[in-house]
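Computed from the coordinates by the stated procedures, all read-outs in this text should not be read as laboratory data. It should be emphasised that the depicted structure is a prediction, and the values quoted were computed from it without experimental measurement. Don't worry about glycine lacking a Cβ; one is built from the backbone with ideal geometry, like all the others, and counts go over all protein chains shown.
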Amino acid sequence: MAAFHPTLAELPTEIAVFPLPGALLLPGGRLPLNIFEPRYLAMTLDALANDRMFGMIQPEPGAPRGETGPGLYRIGCLGRLSSFAETEDGRLLITLTGVVRFRVAEELPMRHGYRRVRADYAGFEGDLGLAEAPVGLDRAALLGALRPFFKARGIEANWEAIEQTSDRMLVLTLAMVCPFDVREKQALLEARTPEERAGMLVALLQIGAHPEPGGGDLPLDRRPS
């Protein structure tokens with residue numbers, strides 16, 4: 001598949017959104033999704049028939065519920081379907097590659113049961129050039145925080161592969177896959193610069209290496225709202 005490098009003018013202003021707590025998509029990151037609910041199967045098929053794009057966004061804890069469902073955070077990330085497979089039982093296994101963050105300007109009427117918004121990309125133009133941008137990562141600090149975090153959470157890792165991963169992809173991957181809570185995931189999404197996100201990631205890993213009693217990781221079987 002050819003690389004996808006759109007300009008702001010080429011991005012859709014009306015997009016479907018997939019509200020999923022704990023699921024973080026960042027520009028340049030790749031998020032695998034298992035689609036099985038009828039409304040999100042319809043959303044994915046509609047995306048495949050058009051521009052292959054929809055947005056990932058998290059429900060906001062404590063926000064009032066509206067007519068279309070739980071209240072949403074105002075910032076999400078537009079993604080493009082970069083791989084697609086159908087299972088024998090009718091599920092869709094897809095990979096969504098992050099394109100650019102967006103701000104919800106307004107919510108639109110639902111279509112086929114899924115939610116839609118008008119997206120405002122103002123202020124996020126820099127996301128489109130992140131592939132070449134330096135991250136400014138203190139790699140030693142990150143790896144020093146990552147080992148006790150994984151140990152505390154019982155996570156096994158391929159350290160050789162981690163050592164060989166570029167700074168940019170390491171920050172993206174860890175931010176997206178580590179079991180941070182919804183608010184922490186949102187803070188990583190809303191970080192103003194790659195450097196700010198990298199610093200925030202290190203801080204969250206350091207804090208998460210010492211979980212509070214009674215705390216726990218996010219459930220693996222996360223359901224959309």
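Under a 10 Å cutoff between Cα atoms, tell me which one of E195, E88, E125 has the largest fluctuation in the Gaussian network model of the chain.
E88
Which FRET efficiency value, to the nearest 0.05, is calculated for D51 and M169 with the Förster distance at 25 angstrom and r the Cβ-Cβ distance?
Details: r = 25 Å, r/R0 = 1.02.
That gives a FRET efficiency of 0.50.
Fully extended, how many nm does the chain gain between F84 and A9 (0.36 nm per residue separation, minus their Cα-Cα distance)? Show your work: numbers first, answer last.
Details: separation 75, 0.36 × 75 = 27.00 nm, distance 2.60 nm.
Extending this stretch completely gives an extra 24.4 nm.
Stick to the Cα atoms of the chain, pair each with every other, and give me the Kirkwood hydrodynamic radius in Å at one decimal. Provide the component values of the computation, followed by the final result.
On the way: mean 1/r = 0.0547 Å⁻¹.
Result for the chain stands at 18.3 Å.
Treating the beta-carbon of each Lys and Arg as +1 and of each Asp and Glu as -1, no other charges, what is the dipole magnitude of the chain about its Cα centre, to the nearest 20 debye?
260 debye
Estimate the FRET efficiency between E160 and R111 by the formula 1/(1 + (r/R0)^6), using the beta-carbon distance for r and 35 Å for R0, to the nearest 0.05. Mind dumping the intermediate values first?
Numbers: r = 46 Å, r/R0 = 1.31.
Computed FRET efficiency for E160 and R111 comes out at 0.15.
Using a Förster distance of 30 angstrom, determine the FRET efficiency expected from the C-beta separation of R183 and A42, and round it to 0.05. Present the calculation step by step, with values, prior to reporting the outcome.
Values: r = 30 Å, r/R0 = 1.00.
The value I calculate is 0.50.
Using helices alone, what [θ] at 222 nm do you get for the chain, with -39,500 (n - 2.57) per DSSP H run of 4 or more residues, divided over all residues and rounded to the nearest 500? All intermediate terms of the calculation are to be shown ahead of the outcome.
Numbers: 6 runs with 68 residues, N = 225.
Only helices count here, giving -9000 deg cm²/dmol.
Where the centroid of each part is defined by its Cα atoms, how far is segment 135-152 from segment 91-130 in Å?
What the calculation gives is 30 Å, centre to centre.
Just grab the label-to-label distance for E125 and A63, each label 7 Å out from Cα along the Cβ direction, in nm (one decimal).
Going by the 7 Å Cα→Cβ label model, 2.6 nm.
Project the alpha carbons of segment 101-160 onto their principal axes and report the range along each, largest first, in whole Å.
46, 30, 17
Specify the residue with the greatest mean-square fluctuation among Q164, Q206, Q58, computed from a Gaussian network of the chain linking alpha-carbon atoms under 10 Å apart.
Comparing Q164, Q206, Q58 in the GNM, the peak value goes to Q164.
May I ask for the percentage of alpha-carbon pairs in segment 133-208 that lie more than 21 Å from each other? Don't jump to the answer; show the numbers that get you there.
Values: 504 of 2850 pairs.
That fraction is 18 percent.
With springs connecting C-alpha atoms under 10 Å apart, model the chain as a Gaussian network and identify which of A16, A119, A203 has the largest mean-square fluctuation.
Of A16, A119, A203, the most mobile in the Gaussian network model is A203.
What list of ³J(HN,Hα) couplings, whole Hz, do you get for segment 180-187 from phi and the Karplus terms 6.51, -1.76, 1.60, once you set θ to phi - 60° and write x for glycine and proline?
Calculated HN-Hα couplings, in order: 7, 7, 4, 5, 5, 4, 5, 4 Hz.
If you plug each phi of segment 92-106 into the Karplus form 6.51 cos²θ - 1.76 cosθ + 1.60 with θ = phi - 60°, what whole-Hz ³J(HN,Hα) values come out, in order, with x for Gly and Pro?
Couplings: 10, 9, 10, 10, 10, 9, x, 10, 6, 6, 9, 10, 6, 7, 6 Hz.
In the chain, with Lys and Arg counted as +1 and Asp and Glu as -1 at Cβ, which of these residues, V177, H112, L201, has the Cα nearest the positive end of the dipole, that is, farthest along it?
Farthest towards the positive end: H112.
Which of G71, Q58, S82 sits farthest toward the positive end of the charge dipole of the chain, with +1 on the Cβ of Lys and Arg and -1 on the Cβ of Asp and Glu?
The Cα lying farthest towards the positive end belongs to G71.
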